[in-house]
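The values are calculated or read from the model by the stated rules, or taken from the named source; none is laboratory data. This is a predicted model, so every value here is computed, not measured. Note that each Cβ is placed from the backbone with ideal geometry, even for glycine, and that neighbours are counted across all protein chains shown.
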Amino acid sequence: MTAILETQGLSRTFNGFHAVSGVSLSVREGSIHALIGPNGAGKTTCFNLLTRFIDASAGSIRFDGHDITRTPADAVARLGLVRSFQISAVFGQLSVFENVRLAVQRRRGHSLDWWRSDVALRAYDERTHELLAEAGLAEWANHLAGELPYGRTRALELATTLALEPRVLLLDEPMAGMGAEDIAHAAAMIRQAAVGRTVLMVEHNLSVVADLCDRITVLARGEVLAEGDYATVSKDPRVVEAYLGHGHAGQRKHHAAVVEPNHG
């Protein structure tokens, strides 16, 4: 598979602090790729750089063969590099159906046409129903978004993101705050969303990473520590050290709780 998203020497410094330093990343088209690491590793800063919410101090970003290092964030999104945020942002007083239909309108250039007639808006209904089905929300279509359970709210956020027809979908901790049942549902949604797309995700739940991801990049202190499939990176002594830290030699033989997935 060819790379659809690449960085070379990507760096970002804040007042002398190197949040991201010399990161070279290659995300293969059609893959599910995870960016993991302990707290403070630079994962969210990397996402902000890739989606052009902040500028790089050094290095380059290429998307589908084009240099986007200085491309504005809105233009990057229109190219198909779309981010789903860690904190859900939905219109709570609108129905689930209306939230998704607004996102479909936005993609087709009519996001502010609140005054359009019901007849005109029906042109978006078919795609809206498709997205609701893909996100497992068909039965919730007429519920107010603000009344959804947490896991379904995250599903709605994913549906509105998919309405923008991303080629590469960036997911920022999609399982944050979820219980086991919601995690299973969200994992199934991500697997479905990845059909015909590329997914790059930041995720702390390593069981999810092990089950879903083709390739994993481990960050520590803003630098790439290891890269490969889960079996490879989970056994890398540097990765174990990064998660456990110094002074825990007695715990390292039990590192499964930290870097091995728990399927129980």
Hey, Ala34 assigned to a strand (DSSP E or B) and within 18 Å of the chain's Cα centre (by Cα) or not = yes
In the set Ala41, Ala89, Ala73, Ala77, which member is within 30 Å of Thr232 (Cα to Cα) and among the small types (Gly, Ala, Ser)?
-> Ala41
Considering residues that are surrounded by fewer than 19 Cβ atoms within 10 Å (Cβ to Cβ), within 14 Å of Ser24 (Cβ to Cβ) and touching a helix residue (DSSP H, G or I) at 6+ places or on another chain (Cβ under 9 Å), the number found within the stretch 218-229 is 1
Note on the stretch 50-72: residues part of a loop (DSSP other than H, G, I, E, B) and surrounded by 14 or more Cβ atoms within 10 Å (Cβ to Cβ) are Thr51, Arg52, Ile54, Ala56, Ser57, Asp64, Ile68, Thr69, Thr71
Yes or no: Gly136 modelled with pLDDT under 90 and buried (at least 16 other Cβ atoms within 10 Å of the Cβ)?
-> yes
Could you tell me which residue of the stretch 167-217 is nearest to Ser31 (Cα to Cα), considering only residues that are surrounded by fewer than 23 Cβ atoms within 10 Å (Cβ to Cβ) and of a type in the set (S, T, N, Q)?
-> Gln192
State all residues of the stretch 73-92 that are part of a loop (DSSP other than H, G, I, E, B) and in contact with a helix residue (DSSP H, G or I) (Cβ under 6 Å, 6 or more places away or on another chain); if no residue qualifies, say none.
-> Ser88, Val90, Phe91, Gly92
